[in-house]
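Here's the structure we're looking at; comments come further down.
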Amino acid sequence: MDEGKLPKITLFDNSGYDDILAVKDVAFYSMCEHHLLPFFGTVSIAYIPGKKIIGLSKIPRIIRFFSARMQVQERLTKEIADFLYENAQARGVMVVIKARHLCMEMRGVKSVKAETRSSAIRGIFKNDADARAEALELLLKS
């Protein structure tokens, strides 16, 4: 991965869709930069498009791009949210990551199957409690 390059995304004109679009449970694998051990799980994203909509196949590519480098979960969550918010010119973005960290399971505390969750909220989801609640319901329910 060339860290100087960002993933290419395809944007299309938005013909008036102004509601939430959610993509759930995209699998990812990464390496903890602190312990050099894997962490893995799923990324779920909700966004409200602005003047453009993103090609749906680009969402897993964005996740793969940012998880391919040595990472920490907090930064991974932030990078995905910031990239979508800025590059897709979305009105709102919410990213929720659920992950297992082998550094927690194999060493030290040895907490098997503990799940770490992180979120990043941008745009309208930050200030509109109703929109945030709707996005969380879409992302977290089965």
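For region 80-142, which GluC sites (Glu not before Pro) pass both filters: DSSP loop (anything but H, G, I, E, B) and at most 14 other C-beta atoms within 10 Å?
Values: sites: Glu86, Glu105, Glu115, Glu134, Glu137; in loops: Glu115.
Passing sites in region 80-142 are Glu115.
Convert each backbone phi in region 19-28 into a coupling constant with the Karplus relation 6.51 cos²θ - 1.76 cosθ + 1.60 (shift: θ = phi - 60°), then list the ³J(HN,Hα) values in order as whole Hz, x for Gly and Pro.
Along region 19-28, the couplings run 9, 7, 10, 10, 10, 10, 6, 7, 5, 9 Hz.
If the cut-off is a Cα-Cα distance under 29 Å, which lysines reach Lys8, setting aside same-chain residues fewer than 8 apart in sequence?
Lys24, Lys51, Lys52, Lys58, Lys78, Lys98, Lys126
Of Ala99, Ala129, Ala90, which is the most mobile in a GNM of the chain whose springs link Cα atoms less than 10 angstrom apart?
Ala129
Which part of region 43-69 falls in the paramagnetic zone of Glu137, meaning amide N under 19 Å from the point 7 Å along Cα-to-beta-carbon?
Of the residues in region 43-69, 45-49 have backbone N under 19 Å from the label point off Glu137.
Return the calculated 222 nm mean residue ellipticity for the chain, to the nearest 500 deg cm²/dmol, obtained by summing -39500 (n - 2.57) across DSSP H runs with n ≥ 4 and dividing by the residue count. Spell out each step's value before the answer.
On the way: 5 runs with 46 residues, N = 142.
-9000 deg cm²/dmol, from helical runs alone.
With a Förster radius of 22 Å, plug the Cβ-Cβ distance of Glu33 and Phe12 into 1/(1 + (r/R0)^6) and report the FRET value to the nearest 0.05.
0.05
Using the count of nearby Cβ atoms within 10 Å as a rough guide to exposure, how do Val93, Val72, Val112 rank from fewest to most? Don't skip to the end; give the middle numbers.
Values: Val93 25, Val72 15, Val112 9.
By the 10 Å Cβ count, ascending: Val112, Val72, Val93.
Calculate the tail of P(r) for region 4-56: the fraction of all Cα-Cα distances greater than 13 Å, expressed in %.
Tail of P(r) above 13 Å: 71 percent of Cα pairs.
Quick one: what are the phi-derived ³J(HN,Hα) couplings along region 72-81, Karplus 6.51/-1.76/1.60 with θ = phi - 60°, whole Hz, x for glycine and proline?
10, 4, 4, 5, 4, 4, 5, 5, 5, 4
Based on the mean of other Cβ atoms within 10 Å per residue, sort peptides 78-85, 26-33 so the most packed one is first.
Ranked by mean Cβ neighbours within 10 Å, highest first: 78-85, 26-33.
Read the figures in this text as sums done on the coordinates, not as results from a lab. Remember, predicted model here, so these are calculated numbers, not experimental data. All Cβ positions, even for glycine, are placed from backbone atoms using ideal geometry, and neighbour counts span all protein chains on display.
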